[in-house]
Amino acid sequence: MNILVNDDYASMSQQAAAIIEAHICNHERTVLGLATGSTPLGMYEALIEGHHTRGVSFKQTFTLNLDEYIGLQPSHPQSYHSYMHTHLFSKIDIPLHQTYLPNGTAQSLSDECSRYEQTIDKVGPPDIQVLGIGENGHIGFNEPGSAFSGTTHVIDLAPSTLKANARFFDTMDEVPNQAITMGIQSILKSKRILLLASGENKAWAVKKLMEKKIDDQFPASALHYHPDVTLVIDQKAYSQIQSESR
Ligand code: PGA
């Protein structure tokens, strides 16, 4: 596991985007695994800037998102379909039929989970999978206790995740309490993983990850089974490791 520590959120975002941009520019076809949340927003802005100022084209890029809330229509402003459209897809030249997310309103959620896992295998696996990390160590929506052998599945969101997500909704009642998520096994299929973390609220999770102890109560620890993981983080997310090594 490599760790790249940046001064701040802006340089972390630029660095992550530069890694992705370099892959796209050097390959005929790129498959990206994408994440939502606050952390990758700056990286998406930097990718959009690369498209506008350096002419980076996403016409041969395919994307597979990690997760989607259950019960939100794709057009709902807080769905991850909307998030991706607003923050990336509508601002670059990616053909929309090359962008994939789980359908959180499918009639049969179990069929949807199998279908999405097949899509990952058919379109992917991702050349680069972008991940955030939850304060509790979740990756995608694989909450503590999730099986490391899990493929795409329905998950009940942990109380701490509901609380963290509440900032995007008017009332707590509107926060979806379930999601479809790629499983840990699905994530580990990716060829390379970039895990982004920014801010003091992620410092504990980053420190715990760097302890390198495999623990199913800390889902991100499954990443130690993967041969090519790079943590792209900022100083604040690194702060607990730094304070210990002083
Ligand atoms: P965040 O979410 O980027 O909004 O902090 C990350 C996550 O929960 O995986």
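It is to be established whether one or more residues within the range 101-113 are touching an Asp or Glu at 6+ places or on another chain (Cβ under 8 Å), under 26 Å from Val31 (Cβ atoms) and within 16 Å of the ligand (Cβ to nearest atom). Yes, the range 101-113 has at least one match.
Pairs meeting the criteria (first residue in the range 36-54 and more than 11 Å from the ligand (Cβ to nearest atom), second residue acidic (Asp, Glu), beta carbons under 8 Å, at least 6 apart or on different chains) are Leu47/Glu21; Gly50/Glu21; His51/Asp93; Arg54/Glu21. Scanning the range 216-243 for residues that are in a strand (DSSP E or B) and crowded, with 20+ Cβ neighbours inside 10 Å yields Val229, Leu231, Val232, Ile233, Asp234.
Only residues that are touching a residue at least 60 places away in the same chain (Cβ under 8 Å), more than 12 Å from the ligand (Cβ to nearest atom) and outside any loop (DSSP other than H, G, I, E, B) were counted across the range 184-198, and they come to 3.
Within the set Thr53, Thr39, Thr30, the sole residue that is polar (S, T, N, Q), modelled with pLDDT of 95 or more and buried (at least 23 other Cβ atoms within 10 Å of the Cβ) turns out to be Thr39.
Looking at the structure I just gave you, is Gln60 touching a residue at least 24 places away in the same chain (Cβ under 8 Å) and in contact with a Lys or Arg (Cβ under 6 Å, 6 or more places away or on another chain)? Yes. For the range 1-38, a residue qualifies if it is assigned to a helix (DSSP H, G or I) and closer than 22 Å to Gly124 by Cα, and the qualifying residues are Ala16, Ala17, Ala18, Ile19, Ile20, Glu21, Ala22, His23, Ile24, Cys25, Asn26. Please work out if Thr181 is surrounded by 19 or more Cβ atoms within 10 Å (Cβ to Cβ), of a type in the set (S, T, N, Q) and without any contact (Cβ under 8 Å) to a residue 60 or more places away in the chain. When the stated conditions are applied, Thr181 does not pass them.
Exactly one residue out of Val175, Val130 is of a type outside the set (Gly, Ala, Ser) and under 13 Å from Leu223 (Cα atoms): that is Val130.
Considering the range 160-179, the residues that are of a type in the set (Val, Ile, Thr) and part of a loop (DSSP other than H, G, I, E, B) include one that is farthest from Pro77 (Cα to Cα), namely Thr171.
What tally of residues in the range 157-178 results from selecting those that are under 15 Å from Gly37 (Cα atoms) and either free of Cβ contacts under 8 Å to residues at least 40 places away in the same chain or within 11 Å of the ligand (Cβ to nearest atom) (or both)? Qualifying residue count for the region: 11. Taking the criterion of being within 16 Å of the ligand (Cβ to nearest atom), under 16 Å from the mean Cα position of the chain (by Cα) and part of a loop (DSSP other than H, G, I, E, B), the residues of the range 128-156 that qualify are Gly132, Ile133, Gly134, Glu135, Asn136, Gly137, His138, Gly140, Phe141, Glu143.
The set of residues in the range 28-77 that are among the aromatic types (Phe, Trp, Tyr) and farther than 18 Å from Leu231 by Cα comprises Phe58, Phe62, Tyr69. Against the conditions (1) outside any loop (DSSP other than H, G, I, E, B); (2) surrounded by fewer than 21 Cβ atoms within 10 Å (Cβ to Cβ), Lys212 satisfies every one except (1).
The values are calculated or read from the model by the stated rules, or taken from the named source; none is laboratory data. Given the structure is predicted, the values throughout are model-derived calculations rather than measurements. Because the Cβ atoms are built from the backbone with ideal geometry, glycine has one as well, and the counts that use them run over all protein chains shown.
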